[in-house]
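The values are calculated or read from the model by the stated rules, or taken from the named source; none is laboratory data. Treat the numbers as computed from the prediction; the structure is a model and nothing was measured. Here Cβ is always computed from backbone atoms with ideal geometry, including for glycine, and neighbour counts include all displayed protein chains. To get the accessible areas, we keep the full protein, side chains included, count just its heavy atoms, and leave off ligands, DNA and RNA. Shrake-Rupley method; radii C 1.70, N 1.55, O 1.52, S 1.80 Å.
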Amino acid sequence: MFSHDHHGNALSGASHSSADAFAQAVSQFAIFSGDPVGAAETLMRDEPGFVMAHALHAWLYLLGTEPAAIPVARQTIERALTLPATARERGHLAALSHLCEGRWHEASRVIEDVAIENPRDLLALIAGHQLDFFTGNARLLKNRIARALPAWTPDMASHHAMLGMHAFGLEENGEYALAESQGRAALAAAPADGWARHAVAHVLEMQGRHDEGIAFMRDDMPSWTQGSFLAVHNWWHLALYHLELGQIDEVLALVDGPITGGMPVQMLELIDASAMLWRLHLRGIDVGERWTRLAEQYQARWSAGLYAFNDLHALMAFIGAGRRDLIEAVLAQQPIAMLSAGDNAEFSQDVGYPLMKAFAAFGEGRYAEAVRLIRPVRHIAARFGGSNAQRDVIELTLIEAALRAGDEPLARALAGERLAAKHESPLARLFAQRAGLTFAGASQVA
């Protein structure tokens, strides 16, 4: 039995009604809204021969980077591999099988070929885009979508999602004007597109347009907060703007409210909480028991050695909570992770482990050591994933460590870098003041 999705792709084992439900679930995934996991589970139950329902379920589980999701996804993939499937569908299952075993780059290459052959396969493009994000492949983050765009027209379902993904890829490559244009065009077509809003939020952050960012995020808040499973991360972006402006009460209100106040908590949301609390920690803000609660949440759902980016953020929480036992456990796991067969061995060796040692040193007041460990990896940090805005925590920690270590020449150099990139930022100007840069020089940069 065959049907087709809304973009002409054959769907093995699907009735017409289930094909429509699948298309709706993929559209929800594209904008990070609704319950695509529940939809995929319903489709697998009602039509167990529906191959792409299984693929969607496995992608949703694995791209959440939850340790507990791996065995569930593996079972889903194993069932799907017994079903009759097209070459495109077998490509999805092959990519998923690689990802299940931690072969991020091979999964990316396989699903890339699927999208090259089938440029209107929206799920292949979404999954590949997310893999590019998790592996820090900025060039492909843009080009994977750009090469497929000619096959899409504005009247097609989810065309806005293509614009939103392209916008984020453009932003990560520093093409801010076009990124903003594409992102805003996507939002004009679909105000609930959380990924498109996220892309524009990144542009405003990277350009230091913090007041604009606050206005942008606070405008039409229901469109990106109601029913969105990207809402916490977008709240995090709003908090970033307030933090840059020194509006600490606003930041803490967002941390205690939408960023950490929801249930259930997902791994990607724990990362947002760690990233914001660490930034506050760098500013000398006492966040009290928030660290303790966050550390307990990590203990409940996280396993060291699976993905270095997550490990670093868990380590931040353990440092903040003063959990020396957990800090040592994370660090002890990294040499083992570096011997694993998956790509996380490279993520950990090249970037993750040096940064974890650096952050641990910072937490113990060994600031010169933190500087020494961060400097060799700061320019290659994209290799272990995340966005430019997320990895900015590395730069912030390095600047603060240089200042506290009394390394005046390096502190001035780093503060000068930041001032050149964000000359309107109060935080950049604060760093410049602390590093002894004159504001005459600062105004010349501006």
Among residues other than Phe384 whose Cβ falls under 11 Å from its Cβ, what is the net charge (Lys/Arg +1, Asp/Glu -1)?
-> -2
Other-chain or far-sequence residues with amide H under 5 Å of Ser33's (modelled H) = Phe229
With Ala337 itself left out, Lys, Arg at +1 and Asp, Glu at -1 over residues whose Cβ is under 13 Å from its Cβ give -4
Cut-off 12 Å, label 7 Å out along Cα→Cβ of Ile336, residues of the range 288-330 by amide N = 303-306, 329-330
From the backbone phi of the range 255-261, what are the Karplus-calculated ³J(HN,Hα) couplings (6.51 cos²θ - 1.76 cosθ + 1.60, θ = phi - 60°) in whole Hz, Gly and Pro given as x?
-> 4, 6, x, x, 6, 10, x
Accessible surface of Lys142 in the full protein assembly, 1.4 angstrom probe, to the nearest 10 Å²?
-> 40 Å²
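Return the calculated 222 nm mean residue ellipticity for the chain, to the nearest 500 deg cm²/dmol, obtained by summing -39500 (n - 2.57) across DSSP H runs with n ≥ 4 and dividing by the residue count. Don't jump to the answer; show the numbers that get you there.
Values: 26 runs with 306 residues, N = 446.
Dividing the helical sum by the residues of the chain leaves -21000 deg cm²/dmol.
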Which FRET efficiency, nearest 0.05, do Arg434 and Ile116 yield, Cβ-Cβ r, R0 51 Å?
-> 0.55
Between Arg293 and Ala189, the FRET efficiency computed from the C-beta separation at R0 = 41 Å comes out, to the nearest 0.05, as 0.55
In this structure, the FRET efficiency calculated for Ala420 and Leu178 from their beta-carbon separation, with R0 = 25 Å, to the nearest 0.05, is 0.70
For Met267, Met44, give the ranking by accessible area with the largest first, probe 1.4 Å.
-> Met44, Met267
For Asp155 the rounded accessible area (nearest 10 Å², probe 1.4 Å, non-protein molecules ignored) is 130 Å²
Residues whose placed amide H lies under 5 Å from that of Leu11, excluding near-sequence neighbours | Ser3, His4, Asp5
Provide the solvent-accessible area of Tyr61, counting protein heavy atoms only and rolling a 1.4 Å probe, rounded to the nearest 10 Å².
-> 60 Å²
Answer label, with Rg and Dmax of the Cα atoms in Å calculated from the coordinates and candidates (i) 21.3, 69; (ii) 21.9, 73; (iii) 31.1, 107 | (ii)
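For the chain, what % of the accessible area comes from carbon and sulfur atoms, probe 1.4 Å?
Values: 9000 of 16910 Å².
Using a 1.4 Å probe with all protein chains present, the chain comes out at 53 percent carbon and sulfur.
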All other residues with a Cβ under 11 Å from the Cβ of Tyr307 taken together, and with Lys, Arg as +1 and Asp, Glu as -1, what is their net charge?
-> -3
Under 11 Å from a label point 7 Å along Cα→Cβ of Asp220: give me every residue in the range 189-205 with its amide N that close.
-> 189-194, 197
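Over the range 4-125, give the accessible area per residue in Å² for a 1.4 Å probe, as an integer.
Working: 4660 Å² over 122 residues.
For the range 4-125, the per-residue accessible area is 38 Å².
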